[in-house]
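K.L.:
Quick one: the structure is below, and I'll ask about it shortly.
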Amino acid sequence: MDRVAISDAEMLERLEPLVESLGYELIDVECRVGGRDGVLRVFIDAEAGITLDDCEQVSRQVSAWLDVEDPIPGQYRLEVSSPGLDRVLRTPAHFAEFVGEEIKVELAQPLEGRKRFRGRLEAVDGDRVVVLVDGVSWRLPLPMIERARLVPVLE
């Protein structure tokens, strides 16, 4: 019987304790497997920022874990990197850190007929984020957020 690929959420949940034990924050994972171009991307961060040495250290540990646990069927390559300028926001702490910045949000289900929002992150209020879009403040429930990213400031 063929094994089913693990979801990004499951992989995130399983890798988070390992990455945190190394002193890093696991920001996000992307698990795209199947065919020859399979990839597991692991995005990490730290207060002092991320260096190539940090990525190599996490890569070695995650690779060893993957060899033992074998959660992904087929061939894939492991990539470990910093979250980048358009970093994913997924936890209340992530959103709180970037209040005042421009973000893009996509909801799993429409809210008042709308799924996509781009505007200034005004606040985190309990289980909602407040985003100012074209002069209107939208209170977006965190559980409804499918994907949220910072919009890079290009100077």
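K.L.:
Rounded to whole Hz and in sequence order, give me ³J(HN,Hα) for segment 138-155 from the Karplus expression 6.51 cos²θ - 1.76 cosθ + 1.60, θ = phi - 60°, writing x for Gly and Pro.
P.N.:
9, 9, 9, x, 3, x, 8, 6, 7, 7, 9, 9, 6, 9, x, 8, 9, 10
K.L.:
Provide the three semi-axes, in whole Å and in decreasing order, of the ellipsoid equivalent to segment 8-81 as defined by the square roots of 5 times the Cα gyration tensor eigenvalues.
P.N.:
Numbers: eigenvalues 82, 30, 25 Å².
Taking √(5λ) for each eigenvalue gives 20, 12, 11 Å, largest first.
K.L.:
When the convex hull of the Cα atoms of the chain is projected onto a plane and the area is averaged over all directions, what value comes out in nm²? Intermediate values should be presented prior to the final figure.
P.N.:
Numbers: hull surface 45.8 nm².
Mean orientational projected area (the chain, Cα hull): 11.4 nm².
K.L.:
Hey, what number do you get for the chain at 222 nm if only DSSP H runs of n ≥ 4 count, each worth -39500 (n - 2.57), divided across all residues, to the nearest 500?
P.N.:
Working: 3 runs with 38 residues, N = 155.
Mean residue ellipticity at 222 nm (helix-derived): -7500 deg cm²/dmol.
K.L.:
Taking Cα atoms, how many degrees apart are the long axis of helix 52-69 and the longest axis of the chain, rounded to 10 and kept between 0 and 90?
P.N.:
60 degrees
K.L.:
Quick one: compute the contact order of the chain, relative version, from alpha carbon pairs under 8 angstrom and 6+ residues apart, as a percent.
P.N.:
Details: 269 pairs, mean separation 28.8, N = 155.
Reported relative contact order: 19 percent.
K.L.:
Another question about this same structure. Using modelled backbone amide H atoms (1.01 Å from N, in-plane), which distant-in-sequence or interchain residues come within less than 5 Å of Leu89's amide H?
P.N.:
Residues meeting the criterion, in which the H sits 1.01 Å from N, are Ala148, Arg149, Leu150.
Every read-out reported here was derived from the displayed coordinates using simple, explicitly stated rules and does not represent laboratory data. Worth saying up front: this structure is predicted, and the values here are computed from it rather than measured.
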